[in-house]
1. For the stretch 181-207, how many residues are surrounded by 13 or more Cβ atoms within 10 Å (Cβ to Cβ), more than 24 Å from the chain's Cα centre (by Cα) and closer than 18 Å to LEU273 by Cβ?
2. Can you tell me which residue among VAL79, VAL129 is modelled with pLDDT under 75 and open to solvent by less than 70 Å² (accessible area, probe 1.4 Å)?
3. If I ask for residues that are surrounded by fewer than 22 Cβ atoms within 10 Å (Cβ to Cβ) and not aliphatic (A, V, I, L, M), which ones from the stretch 36-47 would you list?
4. Quick test for you: out of ALA20, ALA14, pick the one residue that is open to solvent by 50 Å² or more (accessible area, probe 1.4 Å) and among the small types (Gly, Ala, Ser).
5. If you check every pair at least six apart or on different chains, which have Cβ atoms under 8 Å apart with a residue in the stretch 296-313 that is farther than 21 Å from GLY455 by Cα first and a residue that is of a type in the set (Phe, Trp, Tyr) second?
6. Please find, within the stretch 208-235, the residue that is most open to solvent (accessible area, probe 1.4 Å) out of those that are out of contact with any Pro (no Cβ under 8 Å at 6 or more places or on another chain) and within 26 Å of PHE389 (Cα to Cα).
7. Is it the case that GLY279 is part of a helix (DSSP H, G or I), touching a Cys at 6+ places or on another chain (Cβ under 9 Å) and either polar (S, T, N, Q) or open to solvent by less than 30 Å² (accessible area, probe 1.4 Å) (or both)?
8. From the residues in the stretch 393-424 that are in a loop (DSSP other than H, G, I, E, B) and open to solvent by less than 50 Å² (accessible area, probe 1.4 Å), which one is farthest from VAL316 (Cα to Cα)?
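The values are calculated or read from the model by the stated rules, or taken from the named source; none is laboratory data. Just so it is clear, the model here is predicted, and its values are computed rather than measured. We place every Cβ from the backbone using ideal geometry, glycine too, and count neighbours over all the protein chains shown. Remember, those area values only see protein heavy atoms, side chains included, never the ligands or the DNA or RNA. Shrake-Rupley method; radii C 1.70, N 1.55, O 1.52, S 1.80 Å.
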Amino acid sequence: MDAEKRQRYEKIAAEIVRFAGGRDNILGVAHCATRLRLVLEDNDRADIPGIENVDLVKGVFVAGDQLQIIFGAGLVNDVCQVLAESIHMDSMSMGDLKTKANKRMNPLQRAVKALSDVFIEIMPGILAVALLTGLSSVMGNMEFVANNDTLYGIATLINIASGAIFGFLPLCVAYSTVKRFGGRPIMGLVMGCIMLSTSLTDAYAAAQGTAEVTVLHIFGLPVELVGFQGGIIVALLIGIVTAKLDIFFEKKVPEVIRLLVSPLLTTLASAFLLFMIIGPIGRGLASGITSALVWMTQNLGALGYAVFSGVQQLIVITGLHHVFGAIESQLLVDTGRNFLNPLMSVAIIAQGGAVLGYLARNLKDARAKELCIPSFVSVLFGITEPALFGVNLRYRYPLIGGCIGGAIGGIVVYVTNLAALGFGTTVVPGIALADPANNGYVNYMIAHVIAMAAGFLLCLPAGDGV
């Protein structure tokens, strides 16, 4: 590095230290291929607009509890070296920097970060399938598609592709969780396959009472042979347990028999825990929350509606939202009207509004656009997994804004006595199901605009930019 370059980089380093809140606010320094990464004691002390105006800086954002400054390949190496020398701190590896960042988080923040890491791993697949689901929904409602053999064939293949990952999402989550917590990913795939084994009764059929469930008795305890379709929480829990068991047995089993015995013990122990402890606890917890939400909507008026639509998308995270289908069908049989459908729909669009709010705060970030725009498009067709796992849950404040926006939309649904005459579709396609009585179509659009606007506006003043 020649003297002129070094002088320029020293000036850049000095400005970064000043705008980052001073030397005492910097806990760790590292770099990846293009970005300088800093772990700060207090992110609020950083002057991000000031850093954006520093020489050679191409962008700044906070992610993974790290201040990330984009310089570009090659350049970032030299800047990081000069910065580390100027503050008398060794440049860290990326792994060490992440460990440093995690240590300054409280337990809740670490849990949310770990959850975000799990879903970021599988996000490309979720996003692709969500958009295919929207396309399938549109094509399925076009008469000329049904009347053309080629178009009908294409639409059928798209429909098959669109349902793929959601049917096997617990498997994907188990795989990603085991990988995130240090186990061998293949062990996560094995547990995912066990969760969705065809030897087990389908969970949705069991919930609706349309399939018989076999019950075993092990050590005097009843063990139901029911699959874990939609069991995201169970997949997360068993993924963590499997990873820890895999690490344990890999250390304890003698090397001469490790390849054979370690995975055997991991799978056997994890399977027993899945069916006897983790599965029942996960199912019971999610089922209890779901039942409580439905009770509130039926007994607490506007408050019940607001609570249901405010937290309904949190139920989506657990995967238990599919249970609502059985409740909706019963409502239609008993009353001819389904008030849960519009409540779920405004909850969905509010999360979409939160995605737009996050995007509005990060318009200069190309990665935010890449993630937020397709996530919002999928929300319009009632698919929130990309928005939830890719953006809102990851950065926390959009999830909160979306939940509050959903609650506001729920109050509008109550006040306008909005309901649906069917179930299965929401948001844009869902307008076809709205009960037209009492200006139902207009009220449907008003409720959704209000919920989306609330989610959007609540995210504008919050957060730290990323």
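1. Selection size over the stretch 181-207: 1.
2. Answer to the selection: VAL129.
3. Within the stretch 36-47, GLU41, ASP42, ASN43, ASP44, ARG45, ASP47 qualify.
4. ALA14
5. These pairs meet every condition: MET296/PHE308; THR297/TYR305; THR297/PHE308; THR297/PHE339; GLY301/TYR414.
6. Here the residue is ILE233.
7. Spelling it out, it is not the case that GLY279 is part of a helix (DSSP H, G or I), touching a Cys at 6+ places or on another chain (Cβ under 9 Å) and either polar (S, T, N, Q) or open to solvent by less than 30 Å² (accessible area, probe 1.4 Å) (or both).
8. So, considering only residues that are in a loop (DSSP other than H, G, I, E, B) and open to solvent by less than 50 Å² (accessible area, probe 1.4 Å), the one farthest from VAL316 (Cα to Cα) is THR416.
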